[in-house]
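Below is one structure, written out as structure tokens; the observations come after it.
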């Protein structure tokens, strides 16, 4: 079952790349008591993700934060090493939290996985964006593959 507006996000452990390697982070750490814009994509270093999705959030960082957002987070079903390297390649710095859902546990729990085995990618995340306030989804925009129209930074900024 796919998560919907008004639902509470499940308690799941993911990872971020720390100074000494992957570090565990929980959905509670990310969302509890905070306003978060989370966008997810099929994979780090992939064409649309690298050319438009992540760069759009970087360019809109200040405007999004000015709307009272505590954290902007990017999620992919990739490991923390890949997400860390992609963040470095995109000059993310501390502007965007690069979340590694390496096992796809979060993606599966919210029902937004997609089978990309035909493209040699395995099970990945659908492309989507959500606004979350204190762990509750207040807006959810899921793309219909291969479109990139409703999960972009500008659309989410207009919803804030």
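The values are calculated or read from the model by the stated rules, or taken from the named source; none is laboratory data. Keep in mind the model is a prediction, meaning the values are calculated, not measured. Note that each Cβ is placed from the backbone with ideal geometry, even for glycine, and that neighbours are counted across all protein chains shown.
Kindly indicate whether any position in region 146-156 is over 30 Å from residue 20 (Cβ atoms), under 11 Å from the mean Cα position of the chain (by Cα), part of a loop (DSSP other than H, G, I, E, B) and modelled with pLDDT of 95 or more. Explain how you work it out, then say what you get.
Step one: filter region 146-156 for residues over 30 Å from residue 20 (Cβ atoms), giving 146-156.
With under 11 Å from the mean Cα position of the chain (by Cα) added as a condition, the list becomes 151.
From what's left, part of a loop (DSSP other than H, G, I, E, B): 151.
With the extra rule that they be modelled with pLDDT of 95 or more, the set shrinks to 151.
Yes, because at least one residue in region 146-156 is over 30 Å from residue 20 (Cβ atoms), under 11 Å from the mean Cα position of the chain (by Cα), part of a loop (DSSP other than H, G, I, E, B) and modelled with pLDDT of 95 or more.
Only residues that are part of a helix (DSSP H, G or I) and touching a residue at least 12 places away in the same chain (Cβ under 8 Å): list them for region 80-107, please. Please lay out each step first, then the result.
At the first step, the residues of region 80-107 found to be part of a helix (DSSP H, G or I) are 80-89, 105-107.
If the condition is that a residue be part of a helix (DSSP H, G or I) and touching a residue at least 12 places away in the same chain (Cβ under 8 Å), then 80, 81, 82, 83, 84, 85, 86, 87, 89, 105, 106, 107 are the ones that fit.
Take the residues in region 135-145 that are in a loop (DSSP other than H, G, I, E, B) and surrounded by fewer than 14 Cβ atoms within 10 Å (Cβ to Cβ); name whichever of them is modelled with the highest pLDDT. Give the derivation first.
Taking region 135-145 as the starting set, the residues that turn out to be in a loop (DSSP other than H, G, I, E, B) are 135, 143-145.
So of that shortlist, the ones also surrounded by fewer than 14 Cβ atoms within 10 Å (Cβ to Cβ) come out as 144-145.
Numbers: 144: 91, 145: 80.
The qualifying residue modelled with the highest pLDDT is 144.
What are the residues in region 3-16 that are surrounded by 18 or more Cβ atoms within 10 Å (Cβ to Cβ) and farther than 23 Å from residue 157 by Cβ, if any?
We begin by selecting, within region 3-16, every residue surrounded by 18 or more Cβ atoms within 10 Å (Cβ to Cβ); these are 3, 9, 12, 14-16.
Result: 12, 14, 15, 16.
So in region 112-134, with the set limited to residues that are modelled with pLDDT of 95 or more and more than 14 Å from the chain's Cα centre (by Cα), which one is farthest from residue 62 (Cα to Cα)?
Taking region 112-134 and keeping what is modelled with pLDDT of 95 or more, we get 112-113, 125-134.
The next check asks that each one be more than 14 Å from the chain's Cα centre (by Cα); those that pass are 133-134.
On the way: 133: 19, 134: 21 Å.
Per the criteria, the residue is 134.
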